[in-house]
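Encoded as structure tokens, the structure appears first; notes follow it.
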Amino acid sequence: MKRIAIIYSQELKNAFHSYIAYILLAVFIAISSYFFVALVAQFSMISQQWKATPGAPEMAFNLTELVLTGLFVNVAGLALFFTPVLTMRSFCEEKRSGTLELLLTLPVRDYEVVLGKFLSSFTLYILMTLPLLFYPLLIHYAGGYFEWGTVFAGYLGTLLLGAAFISLGVFVSSLTSNQVISSVLCFGALVILWMIGGLESFPEFYTLRWMSNFSLLEHFKSLAKGIVDLRDICFYIFFAGFFLYATLLSLESRVLKR
Amino acid sequence: MSIPVLKVRNLVKEFGHFKAVSGLTFDVEDHQILGLLGPNGAGKTTTLRMLSGFIPATQGDIFIAGHSMRDDSLKARRQIGYLPESVPLYREMRVTEFLNFIAGLRGLSRCELKEDRERLLEHLGLVRVAKQLIGKLSKGYRQRVGLAQALIGSPKLVLLDEPTSGLDPEQTVEIRNLISKIKETSCVIMSTHILSEVEKVADRVLIMSEGAIVASGSPVDLNKRLTMGRNFRLGIRGDEKQILEILNSVPEVVSVQRQNEHNGIFYYHVQTQQSEEIQPKLAQVLVRSGLKLVELTEDEVNLEEIFLKLVRDERKAVPV
């Protein structure tokens with residue numbers, strides 16, 4: 001545990017030393033804030049138009065549904081672009097500079113290295129997505145009403161999705177020593193796993209429908225709406241566990257290389 | 001006799017069908033520097049990588065301070081300090097920060113860490129650059145930082161892969177002196193293909209070729225054991241024909257080669273059989289015959305010649 005903590009804190013320090021963390025945080029928060037402002041403005045415009053319509057029934061949508069669910073889905077889409085950059089350094093840099101050899105010959109277990117790196121990237125991800133809890137507070141103090149259950153379910157979904165993204169990113173970075181290749185491969189894999197749910201809508205791919213169960217988006221949709229389904233939670237935990245284990249195997253495969 | 005810190009038993013490493021290391025068996029005792037010598041591709045780095053625990057052996061085992069690398073890798077690795085050939089360092093870290101990181105992973109307490117770190121910074125002349133980013137240091141200083149990380153926590157076994165590679169002559173001498181000091185506290189295995197380095201630093205030499213040990217012993221022992229005879233340079237004033245007759249009359253003389261002539265002095269390279277008494281015997285025979293002996297010096301057969309001979313013999317022995 002102590003060794004995981006040492007690797008974790010060093011990874012975080014390195015991310016901030018190299019300014020990558022600052023840049024990612026700043027850009028991610030700026031774009032997600034823009035999404036929030038745009039969704040609130042859109043909600044405000046629609047609700048004003050609704051109210052201005054004579055004889056209109058009560059509004060069929062609320063602030064939580066239109067702004068928050070939309071925000072969570074948009075931020076998840078944004079994470080699709082940012083996570084490959086966040087994780088590309090994990091093992092690529094160690095491999096490129098040769099420090100992996102140094103690290104793995106210290107009295108450290110391979111899984112401690114993998115967990116230390118995963119947790120540090122995940123911490124950065126949490127920092128990037130933390131404002132998602134702040135925005136509803138802002139609306140709350142401005143007099144708006146939110147269903148806090150939905151907020152927390154959506155945030156839980158964002159975190160689980162992030163864990164899945166990062167585990168895949170860490171795995172891909174363990175396969176190559178080139179950061180560009182790592183981030184492109186990771187992005188490609190994430191996009192495929194994101195869009196695979198769309199197969200259901202094409203009758204031609206009827207036989208491949210089962211693959212939509214692995215869609216990262218499909219499992220996220222219900223959480224973003226505030227529905228906490230244990231199957232979705234288990235899916236993300238299993239997904240992250242699978243790729244962390246695959247990373248471990250990838251590290252052990254060094255026995256085959258000269 | 002002291003207990004060996006490192007015991008290597010029948011170590012084999014195969015990469016697919018390629019056998020990089022075959023059947024290494026040797027021991028290293030405490031306070032000893034073992035030079036691992038061999039041409040590029042001899043299997044030195046693969047051996048060090050197995051000794052460090054980075055890659056597992058296909059067969060055989062390594063025991064470090066009694067801990068098996070195969071069965072108890074973590075405890076075995078606790079006894080090792082390793083500096084790979086490329087001197088990999090975290091360039092974005094400061095020197096002290098890097099040493100703290102390594103010491104933390106080696107399980108040193110905060111108190112031990114501080115004491116050990118300060119000692120090494122002082123010992124390796126790193127005090128001045130302790131707060132600097134590693135990436136900004138010169139190659140010589142980076143090499144010292146690499147050595148410091150290998151030594152922190154006073155490991156029983158220090159593995160150095162080509163520790164002076166890429167350094168200028170002044171830095172090479174500095175690092176060589178530092179390595180000599182390490183044996184006061186640990187035993188050291190250093191791989192190199194630079195023969196003079198091993199001769200100057202190592203107590204024992206292990207010569208590798210194509211993954212196997214072809215000779216081992218101290219540099220002096222190797223000289224004695226592996227040279228087939230002795231070589232002398234003689235400077236003699238007198239009649240050339242007479243000189244040759246006298247030299248060839250000595251039964252131990254194997255060959256006589258005239259090298260040059262300068263101011264009436266003839267210089268020869270004389271190869272003799274291995275004999276303790278041959279040098280005074282040659283002098284006696286020449287002086288008694290009335291010739292003037294100007295020079296009689298023995299050519300030291302250096303490790304390089306032994307090394308080349310062994311490697312050549314090894315290659316000849318393997319049918320292509």
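Just so it is clear, none of the values below were taken in a lab; they were calculated from the coordinates. Just so it is clear, the model here is predicted, and its values are computed rather than measured. Methodologically, a virtual Cβ is constructed for each residue, glycine included, from the backbone with ideal geometry; neighbour enumeration extends over all protein chains shown.
Tabulated results
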item: Alpha-carbon Rg/Rh ratio, for region B:153-242, with Rh computed the Kirkwood way; result: 1.16
item: Angle in degrees between helix B:169-182 and the longest Cα principal axis of chain B, rounded to the nearest 10; result: 70
item: Percent RCO, i.e. relative contact order, over region A:2-256, from Cα pairs under 8 Å lying at least 6 residues apart; result: 26
item: Cβ-based charge dipole, the protein assembly as shown, positive-most Cα from A:163, B:242, B:212; result: A:163
item: Projected label distance in nm at residue B:132 and residue B:298, using a 7 Å step from Cα toward the beta-carbon; result: 4.7
item: Where only alpha carbons of the protein assembly as shown are counted, the Rg and the Dmax (Å); result: 34.6, 139
item: Per-residue average of Cβ from other chains inside 10 Å of A:8-19; result: 3
item: ³J(HN,Hα), Karplus 6.51/-1.76/1.60, whole Hz, each residue of region B:199-210, x for Gly, Pro; result: 4, 7, 10, 7, 7, 9, 10, 10, 9, 10, 8, 6
item: Whole-Hz ³J(HN,Hα) from phi, Karplus 6.51 cos²θ - 1.76 cosθ + 1.60, for region B:42-57, glycine and proline x; result: 6, x, 5, 5, 4, 4, 5, 5, 6, 5, 7, x, 5, 10, x, 7
item: Using θ = phi - 60° and Karplus 6.51 cos²θ - 1.76 cosθ + 1.60, couplings along region A:14-30 (whole Hz; Gly, Pro as x); result: 4, 4, 7, 4, 8, 6, 4, 4, 4, 5, 4, 4, 4, 5, 4, 5, 4
item: Only Lys, Arg (+1) and Asp, Glu (-1) charged, at Cβ; the protein assembly as shown dipole about Cα centre in debye; result: 380
item: Unit charges on C-beta of K, R, D, E only; dipole of chain A, Debye; result: 680
item: Listed residues B:126, B:160, B:83, most fluctuating in chain B (Gaussian network, C-alpha, under 10 Å); result: B:126
item: Mean separation of Cα contacts under 8 Å (6+ apart) over length of region B:88-139, as relative contact order %; result: 60
item: MRE, 222 nm, helices only [DSSP H, n ≥ 4, -39500 (n - 2.57), over the protein assembly as shown, to nearest 500]; result: -17000 deg cm²/dmol
item: Charge dipole of chain B about the Cα centre (unit charges at C-beta), most positive-ward option of B:86, B:151, B:135; result: B:135
item: Amide H contacts under 5 Å for residue B:158, placed H, 5+ residues apart; result: B:81, B:187, B:188, B:189
item: Centre separation in Å (Cα based) which lies between region A:72-144 and region A:165-201; result: 15
item: Region B:93-207: radius of gyration and largest Cα-Cα distance (Dmax), Å; result: 14.1, 41
item: Chain B: equivalent-ellipsoid semi-axes (sqrt of 5 x gyration tensor eigenvalues, Cα, Å); result: 47, 24, 16
item: Cα-based radius of gyration of region A:2-256 once divided by 2.2 N^0.38 Å, which approximates compact folds; result: 1.13
item: Exposed-loop-free span, longest in chain B, where GluC sites (Glu not before Pro) count as exposed if DSSP calls them loop and at most 16 other C-beta atoms lie within 10 Å; result: B:1-183
item: Dipole magnitude of chain B, debye to nearest 20 (Cβ charges: Lys/Arg +1, Asp/Glu -1, about Cα centre); result: 960
item: Amide H partners (placed H, <5 Å) of residue B:5, local residues excluded; result: B:28, B:29, B:30
item: Amide H within-cut-off set for residue A:226, under 5 Å, with H built and near neighbours excluded; result: A:154
item: Whole-number percent relative contact order across chain B, with pairs defined as alpha carbons under 8 Å at least 6 apart; result: 19
item: Farthest toward positive dipole pole in region A:1-131 [+1 Lys/Arg, -1 Asp/Glu at C-beta], among A:38, A:14, A:71; result: A:14
item: Estimated D of region A:1-133 in µm² per second, where Rh is the Kirkwood radius over Cα pairs and Stokes-Einstein applies at 20 °C, 1.002 mPa s; result: 123
item: Radius, Kirkwood style, for region B:229-299 when every pair of distinct Cα atoms is counted (Å); result: 11.8
item: Region A:126-193, Rg to Rh (Cα coordinates; Rh as Kirkwood inverse mean 1/r); result: 1.18
